[in-house]
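Visitor: Structure below; questions to follow.
Throughout, read-outs are computed from the coordinates displayed, never taken from laboratory work. Owing to the predicted nature of the structure, the values given are computational and were not obtained by experimental measurement. Note that we place each Cβ from the backbone using ideal geometry, even for glycine, and neighbour counts take in every protein chain shown.
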Amino acid sequence: MSRKTSQVCVVGLGYVGLPLAVGFAKHLPTIGYDVNETRVKELQQGYDRNGETPEAALRNPNLRFTTDPSSIRGADVIIITVPTPVDKAKRPDLRYLIEASRTVGQHMQRGAIVVYESTVYPGCTEEDCAPVLEQASGMKAGVDFKLGYSPERINPGDAEHTLETIVKVVAGQDEETTEILANLYGLVVKAGVHKAPNIRTAEAAKVIENTQRDLNIALMNELAMLFHQLGLNTRDVLAAARTKWNFLPFEPGLVGGHCIPVDPYYLTHKAQEIGFHPEVILAGRRTNDTMGIYVAKETVKLLILAGRPVRNAQVLVLGLTFKENVPDIRDTRVKELVEELQSFGCHVEVCDPLVIESDRKRVPFTFIDDPFSARKGHYDAVVLAVPHRMFRERRYEEYLSLMSALARGVFVDVKGVYLSDARADTFGNVLYWNL
């Protein structure tokens with residue numbers, strides 16, 4: 001594959017696909033394809049709603065954004081990066097992956113390499129996607145076109161661990177394809193490329209990366225619940241434990257997003273398909289899936305202890321996205337936190353300046369833009385659910401000013417950002433709680 005004649009097409013321009021397209025465009029003619037017309041128009045105008053990619057990178061003349069699937073035909077390598085969520089029953093939802101495969105199959109040229117980066121279970125690329133490509137194209141995988149898999153490792157909102165700085169795993173259905181992909185990704189990934197022995201191994205590596213993280217956070221969450229009953233502060237216990245050189249620095253928290261809450265279900269789906277019934281993996285998921293509800297119930301208990309009425313209590317929730325400093329609300333546990341508070345009769349207002357207008361319309365919540373100036377003394381409880389940068393920059397006293405002075409207020413600081421300030425508060429006019 002000659003660099004002068006090669007062209008790459010990235011299918012799906014979200015958190016994963018856009019950095020890839022921008023990276024490859026520095027070296028090769030690159031097409032960025034997406035079915036979302038609004039998204040494509042924004043990118044054509046140099047605007048990334050996720051705030052991850054600067055305008056200058058989007059205006060690279062080597063990079064073309066389009067909704068025209070016929071553009072796929074000119075690419076030697078087609079990289080599919082569409083979402084792979086789970087449905088309401090926590091089963092893999094392959095609709096986007098299958099549809100993208102069908103579109104690619106209808107338009108790809110003979111001899112192309114089709115690479116999947118979406119999270120899947122071991123075997124999905126060759127057993128589920130390849131037949132769709134073959135049917136749509138009339139060609140044979142391994143003969144007329146080749147398959148590859150390279151698991152995405154994008155971490156939204158992280159300026160340190162980027163596409164260029166994270167080792168890339170690649171695998172093709174034969175050694176030649178693996179070598180081509182290693183050379184291709186090597187153009188943009190300065191951290192190096194790891195060649196997995198086969199596609200199934202690369203698929204398995206992806207799902208266990210986040211499964212491991214999910215289980216470690218689940219352990220911290222379960223310990224946090226235990227320590228609260230023992231009258232211990234979780235942050236103090238962890239600070240002491242971390243003085244041992246091999247203690248892993250995980251923390252309790254609300255686990256959301258499009259990876260950690262999803263990937264374990266892809267692995268357990270495949271396990272159950274072959275008659276293996278995982279227990280530890282699903283136990284971790286059960287714990288993390290309920291943490292939003294747990295925080296809400298603790299907030300209600302604190303309202304009662306503070307002498308505030310729960311029914312019609314005014315509660316402010318700060319942060320709705322699945323993690324700090326990103327605008328994405330997919331699979332956020334804060335949504336369940338708000339809904340649980342509402343189920344107790346609380347009046348909940350949500351403030352998250354990062355959530356775009358179209359996403360605000362997707363959730364039936366009351367949003368407020370600036371409670372620090374418009375709602376002083378208004379709330380019975382304040383929940384700092386996602387400590388975005390703009391929230392961390394606020395002083396502890398500013399949070400206290402949001403609460404009515406008629407009775408003790410409740411400040412639920414999920415990540416313990418203001419623990420030191422709360423301990424230094426000699427007045428003790430609020431009940432402070434952290435996970």
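Visitor: Once phi is turned into θ = phi - 60°, what whole-Hz ³J(HN,Hα) does the Karplus curve with 6.51, -1.76 and 1.60 give for every residue of the range 400-412, x standing for Gly and Pro?
Guide: Ordered by residue, 3J(HN,Hα) equals 5, 5, 6, 9, 4, 8, 5, 7, 4, x, 10, 10, 9 Hz.
Visitor: Which of the GluC sites (Glu not before Pro) found in the range 246-304 are in a DSSP loop and have at most 12 neighbouring Cβ atoms, other than their own, within 10 Å?
Guide: Glu279
Visitor: Continuing with this model, one more query. What helices in the chain pass both tests, a Cα length along the helix axis of 27 Å or more and a mean Kyte hydropathy of -1.0 or higher, using whole DSSP H runs?
Guide: 199-230
Visitor: Taking R0 as 25 Å, what's the FRET efficiency between Glu176 and His27 from their Cβ-Cβ distance, rounded to 0.05?
Guide: The calculated FRET efficiency here is 0.75.
Visitor: Further question on the same structure: Relative contact order, percent, of the range 145-195 when contacts are C-alpha pairs under 8 Å separated by at least 6 residues?
Guide: Relative contact order, the range 145-195: 39 percent.
Visitor: Here's a follow-up. Report ³J(HN,Hα) in whole Hz for each residue of the range 352-364, in order, from the Karplus equation J = 6.51 cos²θ - 1.76 cosθ + 1.60 where θ = phi - 60°; Gly and Pro get x.
Guide: Once rounded to whole Hz, the list reads 8, x, 7, 6, 6, 4, 5, 6, 4, 6, 7, 10, x.
Visitor: For the range 67-76, just list the computed ³J(HN,Hα) in residue order, Karplus coefficients 6.51, -1.76 and 1.60, θ = phi - 60°, integers in Hz, with x standing in for Gly and Pro.
Guide: Those phi angles translate into 10, 8, x, 5, 5, 4, 4, x, 8, 7 Hz.
Visitor: I'd like the FRET efficiency for His161 and Thr426, computed as 1/(1 + (r/R0)^6) with the beta carbon distance as r and R0 of 30 Å, rounded to 0.05.
Guide: Working from the Cβ atoms, E equals 0.15.
Visitor: For the range 371-403, which chymotrypsin sites (Phe, Trp or Tyr not before Pro) are in a loop by DSSP, counting at most 15 other Cβ atoms within 10 Å?
Guide: Nothing satisfies the criteria.
Visitor: Provide the net charge surrounding Ile208, with neighbours chosen by a C-beta distance below 15 Å and charges set as Lys +1, Arg +1, Asp -1, Glu -1.
Guide: +1
Visitor: Another question about this same structure. Run down the aspartates and glutamates and flag those whose C-alpha is under 12 Å from the C-alpha of Lys168, throwing out any fewer than 8 positions away in its chain.
Guide: Reachable aspartates and glutamates: Glu117, Glu152.
Visitor: Spin-label point model (7 Å from Cα, Cβ direction): what's the Ala56 to Ala405 distance in nm?
Guide: Each label point is offset 7 Å from its Cα along the Cβ direction, giving 5.1 nm.
Visitor: Quote the charge dipole size of the chain about the Cα centre in Debye, to the nearest 20; the model charges only the Cβ of Lys and Arg (+1) and of Asp and Glu (-1).
Guide: 380
Visitor: Right, here's the next one. Could the peptides 234-247, 202-215, 19-32 be put in order, highest first, of the mean number of other beta-carbon atoms found within 10 Å of their residues?
Guide: 19-32, 202-215, 234-247
Visitor: If a paramagnetic tag sat 7 Å from the Cα of Glu42 along the Cα-Cβ line, which residues of the range 345-366 would have the backbone N under 18 Å from that point?
Guide: 352-363
Visitor: Mind listing the long-range amide H neighbours of Gln109? Cut-off is under 5 Å, sequence gap 5 or more, other chains count too, H placed in the peptide plane at 1.01 Å from N.
Guide: Distant-sequence amide H within range of Gln109: Ala75.
Visitor: For n ≥ 4 DSSP H runs only, could you compute -39500 (n - 2.57) per run for the chain, divide by its residues and tell me the 222 nm figure to the nearest 500?
Guide: When only DSSP H runs of four or more count, the value is -11000 deg cm²/dmol.
Visitor: Quick check: pseudo-label points 7 Å beyond the Cα along Cα→Cβ at Lys195 and Asn246, how many nm apart are they?
Guide: 3.4
Visitor: Counting Lys +1, Arg +1, Asp -1, Glu -1, what net charge surrounds Val255 among other residues with beta carbon under 15 Å of its beta carbon?
Guide: -1
Visitor: Return the long-range amide H neighbours of Gly416 (sequence gap of 5 or more, or a different chain), with a cut-off of under 5 Å between placed amide H atoms.
Guide: Leu435
Visitor: How would Val262, Val35 line up from fewest to most surrounding beta-carbon atoms within 10 angstrom?
Guide: So the ranking, lowest neighbour count to highest, is Val35, Val262.
Visitor: Under the rule of at least 5 residues apart or a separate chain, name every residue whose amide H is placed under 5 Å from the amide H of Val169.
Guide: His194
Visitor: Can you pull the one-decimal nm distance between simple spin-label points at Asn216 and Lys140, each 7 Å off the Cα toward Cβ?
Guide: Label at Asn216, label at Lys140, 4.6 nm between them.
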